[in-house]
Amino acid sequence: MAQKASKTLAARNTSILLRTHLITFFLHALYITLHTLFSRPRSLKPYYILALPTLFIEFYLDKIGRPTYTTDPSGSGAKTLRSPGEDLNAAGLTEYMWDVLYWTWGCIGAVCVLGDRAWWLWGVVPVYSVWLGYSTIMGVKGGLSGFGGGEGGEESAVGSGAESKRQKKMEKRGGRGVQYR
């Protein structure tokens, strides 16, 4: 049971990478086959420009996620897990790379069905990147609002005399109100 979490991560990464490579191979082979058989002689330039960079993403994910093994020096041939690889389900940049990869798969499928004009769907990726950056910046700005970096922090509510509904009800009944120290 030693290193159970590492062994589980290694097995999960191996299955994810195998599935990813098979899907990518199938989609690219389908596109190339359909393009050569059924389309007029056109340039493959949109394919190279938009699909090949995702192959670099896929091979980068393979490089960081592939588990590495060492052979037993005693000569028995048993392999021991040296490193399970990075978690391919991690949030952040890895998650964004998976999003780009999935979207490209969808675009390749759409191009196979709808034709070369479906490559324009790939334009959603830069728009998504801009939105993701904007929402991250606004989230950080909102998180720093209590430190005086933004509006609506706790200090501005106390300083401006804003009262809660409970405080207003107590003052109506003639209560002393809230005393601040």
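The values are calculated or read from the model by the stated rules, or taken from the named source; none is laboratory data. None of the values given here were measured: they were computed from a predicted structure. As a convention, Cβ positions derive from the backbone with ideal geometry for all residues, glycine included, and neighbour counts pool all protein chains shown. For the accessible areas, the whole protein counts, side chains as well, though only heavy atoms, and no ligand, DNA or RNA atoms are used. Shrake-Rupley method; radii C 1.70, N 1.55, O 1.52, S 1.80 Å.
The table for this structure:
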read-out	value
Of all residues in region 63-114 being open to solvent by 50 Å² or more (accessible area, probe 1.4 Å), assigned to a helix (DSSP H, G or I) and of a type in the set (Ser, Thr, Tyr), the one that is modelled with the lowest pLDDT	Tyr96
Within region 12-27, tally of residues that are loosely packed, with under 13 Cβ neighbours inside 10 Å and either of a type in the set (A, V, I, L, M, F, W, C) or touching a residue at least 40 places away in the same chain (Cβ under 8 Å) (or both)	4
Options Pro84, Pro73; residue that is touching a Leu at 6+ places or on another chain (Cβ under 9 Å) and closer than 30 Å to Gln3 by Cα	Pro84
Subset tally (residues that are outside any helix (DSSP H, G or I) and either open to solvent by 70 Å² or more (accessible area, probe 1.4 Å) or of a type in the set (Lys, Arg) (or both)) for region 28-41	2
Residues within region 133-181 that are outside any loop (DSSP other than H, G, I, E, B) and either at pLDDT below 75 or open to solvent by less than 60 Å² (accessible area, probe 1.4 Å) (or both), tallied	15
